[in-house]
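Peer 1: After the structure tokens below, expect a handful of questions from me.
The values are calculated or read from the model by the stated rules, or taken from the named source; none is laboratory data. Just so you know, these numbers come straight off a predicted model, no measurement behind them. We place every Cβ from the backbone using ideal geometry, glycine too, and count neighbours over all the protein chains shown.
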Amino acid sequence: MKITIRQAHDTDYQDIVLITMQVHKVHTDNRKDIYKENSNPLDLDDYKLMLSTPEKYKIVVAANDSEKILGYAVIQIQYIKDSKILKDAKIYFIDSIAIAEEYKRNGIGKEMMNWIKNEAVNNMANRIVLNVWSINKDAIDFYDTIGMKKQAIKYEFIL
């Protein structure tokens, strides 16, 4: 299967929402104390705002020959400047990355991460960062496999 990684368009919204709903279900199934049910966790106005501010956001999709969206990533471009304790940096923060359930384990995530990495390098970013829930063992294994390093570990008391 030939995959194209590209910037998202307005017309990709419905396909991205379907994948977002799959991810949100994993979150609501596993962390009911944090996530609430929502039939559409990606608001159309938010999506359009992200598409219209490429200096702050990039939405990337993986599409097949028929232009079916197989996966997507939302990237926030963050800047650290003039901090007293941190070095100046441009960070590609992957807010979400997901592959449709029926297309997982076909190399799509790796292709997307390579695209993001090349994009970040070409735009002079210093690093790519993302968060992953500890319940998501498959994602953790994937990030380890592609060479990402753990940056921090978050702990909690659930009260």
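Peer 1: Looking only at residues that are hydrophobic (A, V, I, L, M, F, W, C) and more than 14 Å from the chain's Cα centre (by Cα) in region 1-20, which one is modelled with the lowest pLDDT? Before you say what the answer is, go through the steps one by one.
Peer 2: Of region 1-20, the ones hydrophobic (A, V, I, L, M, F, W, C) are 1, 3, 5, 8, 16-19.
With the extra rule that they be more than 14 Å from the chain's Cα centre (by Cα), the set shrinks to 1, 3, 18.
Details: 1: 78, 3: 94, 18: 95.
Looking at residues that are hydrophobic (A, V, I, L, M, F, W, C) and more than 14 Å from the chain's Cα centre (by Cα), I get 1.
Peer 1: Please enumerate the residues belonging to region 1-32 that are in a helix (DSSP H, G or I), in contact (Cβ under 8 Å) with a residue 24 or more places away in the chain and within 16 Å of residue 73 (Cα to Cα). Before you say what the answer is, go through the steps one by one.
Peer 2: As a first pass, look at region 1-32 and keep what is in a helix (DSSP H, G or I): 10-30.
Next, only the ones that are in contact (Cβ under 8 Å) with a residue 24 or more places away in the chain stay: 10, 12-13, 15-20, 22-23, 26-27, 30.
Residues satisfying the conditions are 10, 12, 13, 15, 16, 17, 18, 19, 20, 22, 23.
Peer 1: Looking only at region 63-82, decide whether some residue is in contact (Cβ under 8 Å) with a residue 12 or more places away in the chain, over 20 Å from residue 6 (Cα atoms) and assigned to a strand (DSSP E or B). If you could, list the steps in order and put the result at the bottom.
Peer 2: Within region 63-82, the first condition is being in contact (Cβ under 8 Å) with a residue 12 or more places away in the chain, and the residues that meet it are 63-65, 68-79.
Add one more test, that the residue is over 20 Å from residue 6 (Cα atoms), and what stays is 78-79.
Next, from what is left, pick out any that are assigned to a strand (DSSP E or B): 78-79.
Scanning region 63-82 turns up at least one residue that is in contact (Cβ under 8 Å) with a residue 12 or more places away in the chain, over 20 Å from residue 6 (Cα atoms) and assigned to a strand (DSSP E or B).
Peer 1: Let me ask another. Residue 51 - would you say it is within 17 Å of the chain's Cα centre (by Cα), part of a strand (DSSP E or B) and in contact (Cβ under 8 Å) with a residue 24 or more places away in the chain? It would help to see each step written out before you state the result.
Peer 2: Values: within 17 Å of the chain's Cα centre (by Cα): yes; part of a strand (DSSP E or B): no; in contact (Cβ under 8 Å) with a residue 24 or more places away in the chain: yes.
In short, no.
Peer 1: Can you confirm whether residue 97 is within 16 Å of the chain's Cα centre (by Cα), surrounded by 13 or more Cβ atoms within 10 Å (Cβ to Cβ) and of a type outside the set (D, E, K, R)?
Peer 2: Working: within 16 Å of the chain's Cα centre (by Cα): yes; surrounded by 13 or more Cβ atoms within 10 Å (Cβ to Cβ): yes; of a type outside the set (D, E, K, R): yes.
Yes, satisfied.
Peer 1: Between residues in region 112-140 that are at positive phi and assigned to a helix (DSSP H, G or I) and residues that are of a type outside the set (S, T, N, Q) and at pLDDT 95 or above, which pairs lie under 6 Å by C-beta distance while being six or more apart or on different chains?
Peer 2: Hits for this filter: zero, empty list.
Peer 1: Still on this structure: How many of the residues in region 140-157 are surrounded by 11 or more Cβ atoms within 10 Å (Cβ to Cβ) and closer than 15 Å to residue 116 by Cβ?
Peer 2: To start, the set of residues in region 140-157 that are surrounded by 11 or more Cβ atoms within 10 Å (Cβ to Cβ) comprises 140, 142-144, 146, 148.
Those left that are additionally closer than 15 Å to residue 116 by Cβ: 142-143, 146, 148.
Total satisfying the criteria: 4.
Peer 1: Right, next: May I ask you to list the residues in region 83-99 that are outside any strand (DSSP E or B) and either of a type outside the set (Ser, Thr, Tyr) or modelled with pLDDT under 95 (or both)? Can you show your working first?
Peer 2: The first filter runs over region 83-99 and keeps only residues outside any strand (DSSP E or B), leaving 83-88.
Hits for region 83-99 are 84, 85, 86, 87, 88.
Peer 1: Here's something else I'd like to know. Please verify whether region 33-41 includes one or more residues that are surrounded by fewer than 15 Cβ atoms within 10 Å (Cβ to Cβ), among the basic types (Lys, Arg) and outside any loop (DSSP other than H, G, I, E, B).
Peer 2: No, every residue in region 33-41 fails to be surrounded by fewer than 15 Cβ atoms within 10 Å (Cβ to Cβ), among the basic types (Lys, Arg) and outside any loop (DSSP other than H, G, I, E, B).
Peer 1: Something else about it: Here are 88, 82: which of them is over 17 Å from residue 16 (Cβ atoms), touching a strand residue (DSSP E or B) at 6+ places or on another chain (Cβ under 7 Å) and surrounded by fewer than 11 Cβ atoms within 10 Å (Cβ to Cβ)?
Peer 2: Being over 17 Å from residue 16 (Cβ atoms), touching a strand residue (DSSP E or B) at 6+ places or on another chain (Cβ under 7 Å) and surrounded by fewer than 11 Cβ atoms within 10 Å (Cβ to Cβ) holds for just one of 88, 82, which is 88.
Peer 1: Within region 43-66, work out how many residues are buried (at least 18 other Cβ atoms within 10 Å of the Cβ) and either more than 19 Å from residue 77 (Cα to Cα) or acidic (Asp, Glu) (or both).
Peer 2: Residues that pass the stated criteria total 2.
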